[in-house]
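Visitor: To start, I am sharing the structure in question, which I have written as structure tokens.
Here, each number is a calculation from the coordinates, and none is a lab measurement. These numbers come from a predicted model, not from an experiment. All Cβ positions, glycine included, derive from the backbone under ideal geometry; neighbour counts span all protein chains shown.
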Amino acid sequence: MKRGWFKKKVEELEKLKGYKKPDKYSNILKLDSNENYAVKREFTLDLINQSQENLDVREYPLGGTERLVAAISGYTKIPSEMIGVGNGSDQIIDLILANFASPETKILTSEPTFGFFEERCKLYSIPTIRIPFTNRMTLDLEKFISNAKKAKILYLDSPNNPTGFQFTKNELEQLIKEFDGLIIIDEAYVEFADYSILDLTTKMGNLIVLRTLSKSFGLAGLRIGYFVANKKIVDVFTRVIQYPYPLNTIAIEAGILALQKSNYFLDIANQIKKERSRIIEKLRGMKVFEVFDSNANFVLFVAHGSSQRIYKALIEQGILVKNLGKIGNHEGCLRVTVGSEEMNSKFLLAIRDLLT
Ligand SMILES: Cc1ncc(COP(=O)(O)O)c(C=O)c1O
């Protein structure tokens, strides 16, 4: 039967788990997906309203991504020819893996790493070498370096989701120097961290740095991702690999306006960093959790045997966090996104009440 191959392919795909999207609840404080509710909703609605001046959705967004790239260039101070865009950084990751990786290109990464990345590797049968997190939720640089020669691609989310860990700049630079293949550094959370390695892209032809407007800019729903790399990579990506019109007109126009107001978002990122310290301090003060440092807009903590009870009780009180189960040797890991000051206070109060 001629169609046998197709049936087999569907059956193979059926066996894959795929990326599990978060559960949808209504009327809940969403502290499960690392979105950014410290960005005022009115501010984002104003961006959409103002963007209407340039909108004509009867047309394809011809020239739109180029204008968005110019705005990203203004924000990052990186030349436009070194910037590419995508429908969220998810789409950029997907296209890079589909076109540069294969079952022959082993990827060196951490365990855990960004969930969507892991699932995409499975979809394309790309083998991975995963270096586990230590008991202190840090990564061992030596282990990465000693495995560097075994892999053709290095993928690190820096800071890491879900732990919030980031190597020091010195350590990351050391690892990058040792790695001879394609290096993908995912800086989705970088505005909440202490450093970026964007500047290294001007010196290195094998480095791709991924970024997004979903986190610090609070625009996850618009799906705007970008990357910075050597101009040759950007040229093949944009001209050959990427769709002709990857972003819709509204996202392009609102994204440009957001980037022009980047100071507003950078102030908010600073507020989130302060709130993150408050959450870490308060959770540690409760003396029942192990709470890890974070360089991102979320905090990972271990609730041991009480994690299910706390997770469910928080939902009953209208607060959703991410239930991660076991990470490394730690059972009962929960991850809470840092929200607005008011949201964080509600979360802290609810969790304190659960313990008394
Ligand atoms: C490390 C990392 N990279 C990329 C993304 C996806 O970002 P985007 O919304 O741009 O697809 C996320 C989202 O959670 C993430 O945690």
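Visitor: So who's got an amide H within less than 5 Å of the one on I129, skipping anything under 5 residues away but keeping other chains? H placed 1.01 Å off N, in plane.
Guide: HN-HN under 5 Å from I129: I107, L108, T109.
Visitor: Using a basic spin-label model with each label point 7 Å from the Cα along Cα→Cβ, how many nm lie between S146 and F43?
Guide: Using points 7 Å along Cα→Cβ, the separation is 4.6 nm.
Visitor: Among G4, Y195, S345, which residue has its Cα furthest toward the positive end of the charge dipole of the chain, with +1 on Lys/Arg Cβ and -1 on Asp/Glu Cβ?
Guide: G4
Visitor: Next question. Do the alpha carbons of any pairs in K21/K312; K215/K326; K21/K346; K20/K282 sit beyond 27 Å of each other, and which pairs?
Guide: Details: K21/K312 18 Å; K215/K326 25 Å; K21/K346 25 Å; K20/K282 30 Å.
The pairs that break the limit, which is 27 Å between Cα atoms, are K20/K282.
Visitor: For the chain, list the DSSP H helices whose alpha carbon atoms reach 27 Å or more along the long axis and whose average Kyte-Doolittle value is -1.0 or above?
Guide: On the way: long enough: 262-285 (34 Å, -0.80).
Helix filter hits for the chain: 262-285.
Visitor: While we're looking at this one, here's another question. Below 8 Å, C-alpha to C-alpha, sequence gap of six or more: please give me the relative contact order for region 90-164 in percent.
Guide: Details: 97 pairs, mean separation 29.6, N = 75.
Relative contact order, region 90-164: 39 percent.
Visitor: So what is the relative contact order for region 64-200, in percent, with contacts set as C-alpha pairs under 8 Å and at least six apart?
Guide: Numbers: 176 pairs, mean separation 26.9, N = 137.
Taking the mean separation of contacting Cα pairs over the length of region 64-200, I get 20 percent.
Visitor: Now a separate question. Out of the trypsin sites (Lys or Arg not before Pro) in region 64-113, which ones are loop residues according to DSSP with at most 11 other C-beta atoms within 10 Å?
Guide: Working: sites: R67, K77, K106; in loops: K77, K106.
Loop-located and lightly packed - K77.
Visitor: How large is the convex hull of the C-alpha atoms of the chain per residue, in Å³?
Guide: Details: hull volume 57.7 nm³, N = 356.
Given the Cα convex hull of the chain, per-residue volume reads 162 Å³.
Visitor: Still on this structure: If one computes P(r) from the Cα atoms of region 59-131, what percent of pairs lie at distances over 20 Å?
Guide: 46 percent
Visitor: What FRET efficiency, computed as 1/(1 + (r/R0)^6) with R0 = 25 Å and r the Cβ-Cβ distance, is obtained for T134 and S306, rounded to the nearest 0.05?
Guide: 0.60
Visitor: Projecting each Cα onto the charge dipole of the chain (Lys/Arg +1, Asp/Glu -1 at the beta carbon, about the Cα centre), which of Y311, P162, F179 comes out farthest on the positive side?
Guide: Of the candidates, Y311 comes out farthest on the positive side.
Visitor: Another question, if that's okay. List the longest stretch of the chain that has no exposed loop site; here a site is one of the GluC sites (Glu not before Pro) assigned by DSSP to anything other than H, G, I, E or B, with at most 14 other Cβ within 10 Å.
Guide: Looking at the chain, 105-356 is the longest stretch - no exposed GluC sites (Glu not before Pro) with at most 14 other Cβ atoms within 10 Å.
Visitor: If you plug each phi of region 29-39 into the Karplus form 6.51 cos²θ - 1.76 cosθ + 1.60 with θ = phi - 60°, what whole-Hz ³J(HN,Hα) values come out, in order, with x for Gly and Pro?
Guide: Coupling constants for region 29-39: 6, 8, 10, 10, 10, 6, 7, 10, 8, 6, 6 Hz.
Visitor: How high is the relative contact order of the chain, in percent, counting Cα pairs under 8 Å that sit 6 or more residues apart?
Guide: Details: 628 pairs, mean separation 82.7, N = 356.
Once divided by the residue count of the chain, the mean separation gives 23 percent.
Visitor: Still on this structure, I have one more. In which sequence would F43, F179 go, from the one with the fewest C-beta neighbours within 10 Å to the one with the most? Write down the numbers at each step before the final one.
Guide: Numbers: F43 14, F179 21.
Least to most surrounded, the residues fall as F43, F179.
Visitor: Mind checking which aspartates and glutamates have their C-alpha under 19 Å from K203, skipping anything on the same chain fewer than 8 residues away?
Guide: Leaving aside aspartates and glutamates fewer than 8 places away in the same chain, those within reach of K203 are E81, E171, E173, E178, D180, D186, E187, D235.
Visitor: Also: Please report, largest first and rounded to whole Å, the three semi-axes of the ellipsoid equivalent to region 102-178, where each semi-axis is the square root of five times an eigenvalue of the C-alpha gyration tensor. Write down the numbers at each step before the final one.
Guide: On the way: eigenvalues 77, 47, 19 Å².
Taking √(5λ) for each Cα gyration eigenvalue gives 20, 15, 10 Å.
Visitor: Taking the Cα centre of each part, how many Å lie between region 42-118 and region 292-356?
Guide: Between the Cα centre of region 42-118 and that of region 292-356, the gap is 30 Å.
Visitor: So which aspartates and glutamates pass the test for K24, namely a Cα distance under 17 Å, with those fewer than 8 places away in the same chain ruled out?
Guide: Once the sequence-local aspartates and glutamates are set aside, what remains near K24 is D32, E35, E316.
Visitor: Over the Cα atoms of region 1-156, what radius of gyration and what Dmax do you get, in Å?
Guide: For region 1-156, the Cα-based Rg and Dmax read 20.7, 58 Å.
Visitor: In addition: For R3 and E171, FRET efficiency with R0 = 51 Å and r from the beta-carbon atoms, rounded to 0.05? Kindly include the intermediate steps, with their values, before the conclusion.
Guide: Values: r = 52 Å, r/R0 = 1.02.
My answer for the efficiency is 0.45.
Visitor: Can you give me the pair-distance distribution of region 238-356, C-alpha pairs, 5 Å bins, whole percents?
Guide: Whole-percent P(r) values from 0 Å outward: 2, 10, 17, 18, 14, 9, 9, 9, 7, 3, 1, 0.
Visitor: On to the next question. Throw me the Rg/Rh for region 248-301, computed over C-alpha atoms with Kirkwood Rh, two decimals.
Guide: Working: Rg = 16.2 Å, Rh = 13.2 Å.
That ratio equals 1.23.
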